[in-house]
Amino acid sequence: MLKFIVKRILQAVPILIGISVVAFVLLQLTPGGPTAAYRGIANIRGEDLARIEAELGYDRPIVAQYFTWLGSFIQGDWGISFVARQPVFDLIMERLPATLLLMAAGITVSLIISIPLGLLAAIKRDTWIDHTLTFASFVGLSIPVFWLGLMLIVIFAVWLDWFPTGGMGPPGEDIDILTRIRYLTLPTITVSMVSLSFFTRYLRSSMIETMDEEYMRFNKARGLPPIRRYLRHALRNAGIPFVTVVAIHIPEFLVGTLVVETIFSWPGTGRLFWDSAIRFDYPVLMGVLVLGSLMVVASNLLADVLYSKLDPRVRFD
Amino acid sequence: MMRTKPMKRAAMLLVVLALIAAACGNDSDDAATTDASGDATDGGADATPDDSADTAEEPGGVLTVGLFQEPDNLNPFLAVQTASRIVRDLVLEGLVDADPDGNYVPELSSVPSAADGTISEDGLTVTYNLVEGTTWSDGHPFTSRDVQFTWETVMDPANAVTTQLGYEDIESIETPDDQTVVVNYSTLYSPALSLFSIPEAILPAHVLEGEAFGEADFNRIPEGTGPFMVTEWNSGQSIILDANPNYRDPSLPLLDRIIFKIIPDQNAGIVQMRTGDIDVFWNVDTAVIDQFTSMDGVNVQVTPSSNVEYLGLNLSSGSDPADPHFAFGDPNVRLALAMAIDRTPIIEELLFGLSEAATSPIGLGWAAPEGLSNPAYDPEGARALLEESGWVDSGDGIREKDGQRLTLEITTPTGQQVRELTEQVLQEQFKAVGIELVINNVPAATLFGNWAENGKLQRGDFDIAMDTWGPDLDPAGFLGILFDSSSIPQDPGGQGWNFFRLQSDRLDEAIEAGATTLDIEARKEAYRIVVEEILDAGVYIPLYNRSKIDAFSDAVSGYSPNPWGEVTWNAEEWSIAG
């Protein structure tokens, strides 16, 4: 197992390097170049731009720039934000807890809702309950995230005034759990809607597949009570691919937070990425991109490990 | 084996819960907070316990300002965003400041002048007498060394500051004593008085010496001499400023605390203004202004600005100033264009009557010439001028000459509603005199890109550009970069922004004259000639003066408009009721 994990981590290294090369080159090719951020100053002179470019090291060949970046990155020096004039690593770490909180809330809510619904749909297969749930999850999958977010704000924050329009809490005050949940509710619903629908559908079909297996019919013939058949035998087997799918799906939440954080002024890495993109803050963009890639690789690894743990037939050696 | 699995699941759930709890926990402890150094605040409070206790408690109060843009950083030599100045101007101070009329007034120093000899006759030596008894908010004394250090920092090649303009003309700075600064210039820099002051400020030597300037904590939590000090910056959420207990005027500021709340979305800002979550909303977009004017308990403050919305005419057919434009090569056509414009519907309908017609590229401040007016709106006269120049109706209402239709292309950055509507108004007005106007808006990066990026303005790839620009308190830099013939961008390199491709010896001489003396009367005269030349050439058609519009809750009092400062320029005098 350990050997497998080490092997997978080693395999991830060239992937991450590849991603960083592509990202680095693409950013450099953006119109405006690395000093685009400074063009916002009305009377900035050409010579000032040239001086800044040289002082920040952006007049060097791109290959040399990349290796300097990579060398420092590995040592934990992720560069300095053009915009905030602070170390990139600190800026990202400052924002990461907010994103992790939103992701964790999103995943938890998705699971808490989708597992019972998926089971229900599978058990009540082809009844009106199943059809309603299938239709509902189809709608959930089709709703654009930004539209859902804006609608929730309009209805629940602006009209009904039940929840705040955005942010993580009132500024300058200590924030208790209840306040936090109030601020968290709308973003969490938005970020979990797609996954929630997807998980429900996935669990339903996975359950149905398992329930059609011969041993399930045998269990029924054996006279086992339904609750025991469904939860202990069917869910147990249907749950193996489901867990894997959930783990692989984690990066989707990361992508979801990008949109949701921007709509709800949620101060996480997603909004940091968006703000940095419109302000041409290359070092921060690189940092967030690589961190995001790391999270994707880690989720895939997690999926593999969970799979082997849950399914005794699977062994990696 | 069967028994351990639920346990593992439970453990996983615990991990997730722990994660949530960690992120949920008290915001100011772990999430996204950069705290000001505790010693600084404590030390300050100890130094003058009586002052702060008395003055802070009487009027007091907390005020929340909504910012749709998060400041990039609060370092005056590194920041680009306007929002940065709005926040840092409460914390950092310059040697002098500008009053609403555009005159220099003392801040950390008295204002140098030729009259009392603090500006030498040749204008190369400027002496500042610093205000006595000023300390930084941590109690450390403010001295001449701080000024000297600021200059050294700006000129240090490791620091990548946004501008060295003017600072590079300084040869040396002497500090004969703690209260006196003598700045020696190698060449005369006419806006010398704005250096170290507007929009920059003095840096604290005792905090920054030996620090890595480009990534110092100072850039977020600056140490200043101003009425407030930054105590918290919650990235992406808010910046919190508390009254500086060591401020040199113990009766100010009136407020205890100002919270800058980051609200990236204009609509969210409107909602929060209505619910009272914010007391001040900075920079209201013209398109949504009626949402604020119709709100109970909210008033809209209009502050004039030096920015002028104008039409820039390209005198060349492309980038080569020697190759005249097919229509604008003829002064009659330029004048006809100016006479065809009626500014009233633009100002009344599109700007809700909140701006005034502009008459000059320098509309405000000491350098603004008085008594100017635009060519009167006269479509009949415009038609006559065009006829006179041989532009005759081609049969469909659009004029032509030698088979060339009078079709002009107007360009402005995309995505700005008021400008797009203005273009449509102009389209109608020009059509009435037989000129066809084609709208071709492009992204700002394409329009303002530099020569190498094929920027439309620099490359001369346009007929008419609608743009906004305005002078700083000292117009020398603005005039040089926009109107001097040496600023015509052309092959190779393409520096400068004289995209009108206007060449006039009298203009160049007047710009030079204004930039080579510190004698304010001589400069006023020079700039009167500059403006006259620009307007006579007819390449710059001023449309309207852009106003800055901010919304205030009726509970807030003390604001007075200052075109040369940002909305918070006098926030130390603000108070809030209730």
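The values are calculated or read from the model by the stated rules, or taken from the named source; none is laboratory data. In this text, all values refer to a predicted model and were calculated from it rather than measured experimentally. Cβ coordinates were reconstructed from backbone atoms using ideal geometry, including for glycine residues, and neighbour counts include every protein chain displayed. What goes into the accessible areas is simple: the full protein's heavy atoms, side chains included, and nothing from ligands, DNA or RNA. Shrake-Rupley method; radii C 1.70, N 1.55, O 1.52, S 1.80 Å.
Could you report the accessible area of B:Val333 in Å², rounded to 10, computed with a 1.4 Å probe on the protein chains as they sit in the structure?
Result for B:Val333: roughly 0 Å² accessible.
What is the log10 of I(q)/I(0) for the stretch A:107-177, computed with the Debye formula using one identical point scatterer on each Cα and no solvent, at q = 0.15, 0.17, 0.20, 0.27 Å⁻¹?
Evaluating at q = 0.15, 0.17, 0.20, 0.27 Å⁻¹ gives log10 I(q)/I(0) of -0.74, -0.86, -0.97, -1.13.
Given the stretch B:463-543, what whole percent of its Cα pairs are spread farther than 18 Å? If you can, show how the numbers build up before the last one.
Working: 1274 of 3240 pairs.
In whole percent, the share of Cα-Cα pairs in the stretch B:463-543 beyond 18 Å is 39.
Can you check how the C-alpha radius of gyration of the stretch B:152-241 compares to 2.2 N^0.38 Å, as a plain ratio?
In units of the 2.2 N^0.38 Å rule of thumb, it is 1.25.
Based solely on its DSSP helices, what 222 nm [θ] is calculated for the protein assembly as shown when runs of n ≥ 4 H residues each add -39,500 (n - 2.57) and the sum is averaged over all residues, nearest 500 deg cm²/dmol?
Counting only the DSSP helices, I get -14000 deg cm²/dmol.
Suppose we flag GluC sites (Glu not before Pro) only when DSSP calls them loop and at most 16 other Cβ atoms lie within 10 Å. Which is the longest uninterrupted stretch of chain B?
The segment B:371-578 is the longest one with no such site.
Around B:Glu356, under 14 Å between beta carbons, what's the net of Lys plus Arg minus Asp minus Glu among the other residues?
Numbers: positive: B:Arg343, B:Arg546, B:Lys548; negative: B:Glu309, B:Glu348.
Value of the local net charge: +1.
Please report, in Å, the Rg and the Dmax of the stretch B:279-356, where both are computed over Cα atoms only.
19.0, 59
What are the principal axis extents of the Cα atoms in the stretch A:88-310, in Å, biggest first?
65, 42, 32
Per the Debye formula with a single identical scatterer at each Cα and no solvent contribution, what log10 I(q)/I(0) holds for the stretch A:23-134 at q = 0.14, 0.17 Å⁻¹?
-0.74, -0.94
For the stretch B:64-212, what does the equivalent ellipsoid look like in terms of its semi-axes, each the square root of 5 times an eigenvalue of the Cα gyration tensor, given largest first in whole Å?
24, 17, 17
What accessible surface, in Å², does a 1.4 Å probe find on A:Phe67, ignoring ligands, DNA and RNA and rounding to the nearest 10?
We get 130 Å² for A:Phe67.
If you average the alpha carbon positions of the stretch A:118-161 and of the stretch B:64-142, how far apart do those two centres end up, in angstrom?
Spelled out, the Cα-based centre of one part sits 56 Å from the other.
For the stretch B:308-545, state the average projected area of the convex hull of the C-alpha atoms over all orientations, rounded to one decimal in nm².
Averaging across all directions leaves 12.9 nm² for the Cα convex hull.
Rg and Dmax in Å for the stretch B:178-219, alpha carbons only: what are they?
13.4, 35
What three numbers, in Å, describe the spread of the alpha carbons of the stretch A:199-243 along their principal axes, ordered from the longest?
30, 16, 14
What shape does the stretch B:247-298 have by the C-alpha gyration tensor, where a ≥ b ≥ c are the square roots of the eigenvalues, rounded means a/c under 1.5, and otherwise prolate means a/b greater than b/c and oblate the rest? If you can, show how the numbers build up before the last one.
Numbers: a/c = 2.53, a/b = 2.22, b/c = 1.14.
Prolate is the answer for the stretch B:247-298, as a/c is 1.5 or above and a/b outweighs b/c.
Helix A:177-211 versus the longest principal axis of chain A: what is the Cα-based angle in degrees, 0 to 90, to the nearest 10?
The angle comes out at about 50 degrees.
What percent of all Cα-Cα pairs in chain B falls into each 10 Å bin, going from 0 up to the bin containing the maximum distance?
3, 15, 23, 23, 18, 10, 5, 2, 1, 0, 0
Take the stretch B:53-127, compute every pairwise Cα distance, and split them into 10 Å bins from 0; I just need the percent in each bin.
15, 28, 33, 17, 7, 0
Which chymotrypsin sites (Phe, Trp or Tyr not before Pro) does the stretch A:158-229 hold that lie in a coil by DSSP with at most 13 other beta carbons within 10 Å? Please report the intermediate quantities before stating the final value.
On the way: sites: A:Trp159, A:Trp162, A:Tyr183, A:Phe198, A:Phe199, A:Tyr202, A:Tyr215, A:Phe218; in loops: A:Trp162.
Passing sites in the stretch A:158-229 are A:Trp162.
Under the Kirkwood approximation applied to all pairs of distinct alpha-carbon atoms, what is the hydrodynamic radius of the stretch B:371-475 in Å?
Evaluated over the stretch B:371-475, this radius sits at 15.8 Å.
Once you have the alpha carbon radius of gyration of the stretch A:134-257, what is it after dividing by 2.2 N^0.38 Å, with N set to its residue count?
In units of the globular-protein estimate, the stretch A:134-257 measures up at 1.44.
Which value in nm describes the separation of the simple spin-label points at A:Ser205 and B:Asp402, placed 7 Å from the Cα toward the beta carbon?
It works out to 7.2 nm between the two label points.
What order do you get for A:5-13, A:277-285 when each peptide is scored by the mean count of other beta carbon atoms within 10 Å, highest first?
For the peptides A:5-13, A:277-285, the packing ranking is A:277-285, A:5-13.
Considering lysine pairs in the protein assembly as shown that are 8 or more places apart or on different chains, how many have Cα atoms under 29 Å apart?
For the protein assembly as shown, the number of qualifying lysine pairs is 19.
Just to confirm, what accessible area per residue do you get for chain A at 1.4 Å probe, in whole Å²?
Accessible surface, normalised per residue, equals 48 Å².
Percent relative contact order of chain B, based on C-alpha pairs within less than 8 angstrom and at least six residues apart?
This gives 19 percent for chain B.
Run the 1.4 Å probe and let me know the accessible area of B:Thr275, rounded to the nearest 10 Å².
Solvent-accessible area, nearest 10 Å²: 70 Å².
Apply the Kirkwood formula to the protein assembly as shown: the hydrodynamic radius equals the inverse of the mean of 1/r over all pairs of different alpha-carbon atoms; give it in Å with one decimal.
Numbers: mean 1/r = 0.0323 Å⁻¹.
Taking the inverse mean of 1/r over all distinct Cα pairs, the protein assembly as shown comes out at 31.0 Å.
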